[in-house]
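Down below is the structure, laid out as structure tokens.
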Number of protein chains: 2
Amino acid sequence: MTNPTACLLIIGNEVLSGRTQDANLKFLATRLGEIGIPLREVRVIPDVPETIIGTVNEVRAKFDHVFTTGGIGPTHDDITAECIAAAFGVPWEPHPEAWRRLEAHYARQTPPAEFNAARQRMATMPRGASLIDNPVSIAPGFIIGNVHVMAGVPRIMQAMFEGLAPSLRGGTPVQSRTVHARGMLEGAIAEGLGQIQKDFPELDIGSYPFYRSEGGGVALVAKGTDAARLDAAAAAITAFIVGLGHTPVVGEPS
Amino acid sequence: MTNPTACLLIIGNEVLSGRTQDANLKFLATRLGEIGIPLREVRVIPDVPETIIGTVNEVRAKFDHVFTTGGIGPTHDDITAECIAAAFGVPWEPHPEAWRRLEAHYARQTPPAEFNAARQRMATMPRGASLIDNPVSIAPGFIIGNVHVMAGVPRIMQAMFEGLAPSLRGGTPVQSRTVHARGMLEGAIAEGLGQIQKDFPELDIGSYPFYRSEGGGVALVAKGTDAARLDAAAAAITAFIVGLGHTPVVGEPS
């Protein structure tokens, strides 16, 4: 069985302008791999309605799951929800349960805060959306079709994702094996490594140089869903490095 | 005059798997903004030929400049150059000057290193490509059409970009003004801020919550190319925050 696939849309001018360092890609890539829904593409797009609508419609047809981060707050540039409604061709309207949660949340503040028009936007969603809980700051994300709409603030996004994760039907977890070859250069091992990739066509074998004060080298990484084949590939890589007269380090975190 | 636009392609399984934290997006977004070629989209794509070829052809038609990072080393998963050749429909062949530089580089090592088949791949490029110098590790990037192909290792990519930057025909630099409103919540200022955005349609006005141990708040950021209008927008935002009884901090780094 092939694993389902995922695409991540990072929505927001602040990432494209360099103001904000994205911190969501790595988290979601890692967690999605662990639950067997490998991330196959990421797009970072601006707060422009046509771009959001067009991109959502393109990628929701192309991947099994789409995750979005950003653009669901109360300000004028938070336009993700209305764009997703437009992409699905459904009304953007108050979501009763989201409305109830937010109304209660602002009433609970000391002194009570106003559940004003801007905050009501956060309870306005595409018709038919189901909620993604937000244990950090209440304002929920939502799911419509195969699109999961989450906050951009990493702490909130991570809490949303962890609440959502048990309901995602994943595949076989993606695992990896890493062999570190210190003091070696990619160019010296490329040919042998290419042969190992040919011997393990079902795995992704990658080579990543690292640079450290105590001396650099190359991290050789095998990724895939079959643990026995991963072990065999790690053994083959280790034997190859030993054959070149070096002492590889297996599994050391890079 | 409208500024030219840029798209960044981050090519590599290691970013999509969560193994590697991308460090190139923020650098390029910032530098491209400074030289007036704002980044309008980023895609992170895997080492899959059809995906690379299809994406390059899509985005080079859509944006004025395309920059790629990753996949130009000597190993079997470094397939960017041959995919770009396929995208442009030209042969992938030895580039005489790149070949000369790399051959000399390996001959200079003590003891001399072999300029083997894997390393020769790094001197193999789409026909008609012009080189991007690599002052760090010699193996050049290249330009073909409006596509600029650079290394994935941040230190090397940055050196390549800085060598390239003077030759890029940019537009008006994108500047920003930031006003920090400590202790304020987005929901309380969203409506007024939306009005300011309406008054300055040529600017992008964004609102970004920040969280710090000494107390959070919202950073209000205006971006655009007209310095006088940016100053006016910053003044309007400041007056708005003062009107709400708070003391904004202008220009403090966030």
Cα coordinate range in chain B, projected on the principal axes (Å, largest first): 70, 41, 31
Amide H contacts under 5 Å for A:Met125, placed H, 5+ residues apart: A:Glu93, A:His95
Centre separation in Å (Cα based) which lies between region A:1-74 and region B:1-74: 15
Between helix B:96-108 and chain B: long-axis angle, C-alpha atoms, 0 to 90°, nearest 10: 80
Length released on extending from B:Ala235 to B:Phe210, taking residue separation times 0.36 nm less the Cα-Cα span: 6.9 nm
Net charge over other residues, Cβ less than 11 angstrom from the Cβ of B:Tyr106 (K, R count +1; D, E count -1): +1
Förster radius 22 Å - calculated FRET efficiency between B:Val250 and B:Thr172 (Cβ-Cβ, nearest 0.05): 0.45
C-alpha long axis of helix A:24-34 to longest principal axis of chain A, angle in °: 60
Set of aspartates and glutamates near B:Lys198 by C-alpha distance (under 13 Å), chain-local residues within fewer than 8 positions excluded: A:Asp77
Partner lysines for B:Lys62 [C-alpha distance under 25 Å; skip if fewer than 8 residues away on the same chain]: A:Lys62, B:Lys26, B:Lys223
Helix axis angle, B:186-199 relative to chain B longest principal axis, alpha carbon, degrees: 80
Most to least accessible of A:Val250, B:Val221, B:Val136 (protein chains only, probe 1.4 Å): A:Val250, B:Val136, B:Val221
Label spacing, shortest first and in nm, from A:Glu50 to its equivalents in the remaining copies (7 angstrom along Cα→Cβ): 3.0
Per-peptide average of other Cβ atoms within 10 Å, ordering B:101-113, A:84-96 highest first: A:84-96, B:101-113
Label point 7 Å beyond Cα along the C-beta direction, distances from A:Asp231 to other copies (nm, shortest first): 7.0
Gaussian network model of chain B, springs between alpha carbon atoms under 10 Å - residue of B:Met160, B:Met184, B:Met122 with greatest fluctuation: B:Met184
When region B:67-106 is reduced to its Cα atoms, the Kirkwood hydrodynamic radius in Å: 11.4
Residue among A:Lys223, A:Lys198, A:Lys62 with the largest mean-square fluctuation in a Gaussian network model of chain A, springs linking Cα atoms under 10 Å: A:Lys198
Square roots of 5 times each gyration tensor eigenvalue, C-alpha, the protein assembly as shown, largest first, Å: 43, 27, 20
Using alpha carbons only: equivalent-ellipsoid semi-axes of region A:175-250, gyration tensor based, whole Å: 20, 13, 11
P(r) tail fraction, region B:112-234 - alpha-carbon pairs more than 27 Å apart, %: 50
Cα principal axis extents for region B:1-103, largest first, Å: 42, 34, 28
Label 7 Å beyond Cα on the Cβ vector: A:Arg212 copy-to-copy distances, nm: 3.4
Sparse-neighbour loop sites [chymotrypsin sites (Phe, Trp or Tyr not before Pro); region B:146-254; at most 11 other C-beta within 10 Å; DSSP]: B:Tyr211
Nearest-to-axis residue of chain B, judged by beta-carbon position, where the axis maps B onto A, in Å: B:Arg43, 3
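The values are calculated or read from the model by the stated rules, or taken from the named source; none is laboratory data. Note that the coordinates shown come from a computational prediction; the quantities given were computed from them, not determined experimentally. So basically every Cβ, Gly included, is an ideal-geometry build from the backbone, and we count neighbours across all protein chains shown. Side chains included, ligands, DNA and RNA excluded: accessible areas come from the protein's heavy atoms. Shrake-Rupley method; radii C 1.70, N 1.55, O 1.52, S 1.80 Å.
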